[in-house]
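Peer 1: Dumping the structure here so I can ask a few things about it.
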Amino acid sequence: MKNKRYFPMFVDLSDKNIVVVGGGNIATRRVKSLLQFTRNVTVVAPRLSVDLQELGKAGQILIQNRQVKRSDFRQAYMVIAATNDRKLNDDIYRICKEEGIYVNVSSDREKCDFYFPGVFMQDELVVGITASGLDHSKAKRVREEIQSALEKVAGESEYENE
């Protein structure tokens, strides 16, 4: 299949319900990224990383410490399938497509309605970079270069205001 290009769209997630299925490293990174934009994150997993446990204890995310159920997606705007179980990820994808819910299967770029960009934020500025799921290290390098350039511009602006 030819690589699809994804339209870069910035969405207000502040009042959207996000469900993350999985409790490992990828789920943890996704949750930390999402928390920059919303506090409506539910993580469903029988085992959780220490970071996710701490976020749950701090009240920053809702934890459902168990296997996922179809009803977990009932009010979801988007779902991230970040488990190490291919069949479960496929089932989550199928359910979300049936229900019209945006879905991202972390282990399969063909089963993603959206990608997680590399993000840099500075004040009101938000920059997102993606390599269409093909070259994560390239996207990271580009994000770091943009971050460096924006930090330089911000430093010059501060100097001009003195």
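Peer 1: Would you mind putting 58-64, 43-49, 118-124, 8-14 in packing order, based on average other-beta-carbon counts within 10 Å, highest first?
Peer 2: Taking the mean over residues of other Cβ atoms within 10 Å, the ranking is 43-49, 58-64, 118-124, 8-14.
Peer 1: Pop a pseudo-label 7 angstrom from the Cα along the beta-carbon direction at both Asp90 and Ser107 and give the gap in nm to one decimal.
Peer 2: 1.1 nm
Peer 1: Got a number for carbon plus sulfur as a percent of region 11-143's accessible area, 1.4 Å probe?
Peer 2: Answer for region 11-143 is 47 percent, counting heavy atoms of protein chains only.
Peer 1: Exceeding 21 Å between C-alpha atoms, which entries from my cross-link table qualify? They are Lys16/Lys69; Lys32/Lys87; Lys32/Lys69; Lys97/Lys140; Lys32/Lys97; Lys69/Lys111.
Peer 2: Result: Lys32/Lys87; Lys32/Lys69; Lys97/Lys140; Lys32/Lys97 exceed 21 Å.
Peer 1: How big is the dipole moment of region 75-153 about its Cα centre under a simple scheme where the beta carbon of each Lys and Arg is +1, that of each Asp and Glu is -1, and everything else is neutral? Debye, nearest 20, please.
Peer 2: For this selection, approximately 260 debye.
Peer 1: Using only DSSP helix segments of four residues or longer, with each worth -39500 (n - 2.57), what per-residue ellipticity at 222 nm results for the chain after dividing by its residue count and rounding to 500?
Peer 2: Result for the chain: -11500 deg cm²/dmol, rounded to the nearest 500.
Peer 1: How many nm separate the modelled label positions at Met9 and Val126, each set 7 Å beyond the Cα in the direction of the Cβ?
Peer 2: 1.4 nm
Peer 1: Over the chain, calculate the relative contact order: mean separation of alpha carbon pairs under 8 Å at least 6 apart, over the residue count, as a percent.
Peer 2: Reported as a whole number, the value is 17 percent.
Peer 1: With r as the distance between the Cβ atoms of Lys152 and Tyr77 and R0 = 45 Å, compute the FRET efficiency 1/(1 + (r/R0)^6) and round to 0.05.
Peer 2: My answer for the efficiency is 0.80.
Peer 1: On the full set of protein chains, 1.4 Å probe, figure out the accessible area of Ile80 and give it in Å² to the nearest 10.
Peer 2: 0 Å²
Peer 1: Dipole of the chain (Lys/Arg Cβ +1, Asp/Glu Cβ -1, origin at the Cα centre): which of Ile101, Ser148, His136 lies farthest to the positive side?
Peer 2: Ile101
Peer 1: Can you list the residues, at least 5 places off or on another chain, whose amide H is less than 5 Å from the amide H of Val103, using H built in the peptide plane?
Peer 2: Excluding prolines and chain starts, which carry no amide H, the hits are Val79, Asp113, Phe114.
The values are calculated or read from the model by the stated rules, or taken from the named source; none is laboratory data. These numbers were taken from a predicted model, which means no experiment stands behind them. So basically every Cβ, Gly included, is an ideal-geometry build from the backbone, and we count neighbours across all protein chains shown. Ligands, DNA and RNA are stripped out before the accessible areas are found, and what is left, the full protein with its side chains, is counted by its heavy atoms. Shrake-Rupley method; radii C 1.70, N 1.55, O 1.52, S 1.80 Å.
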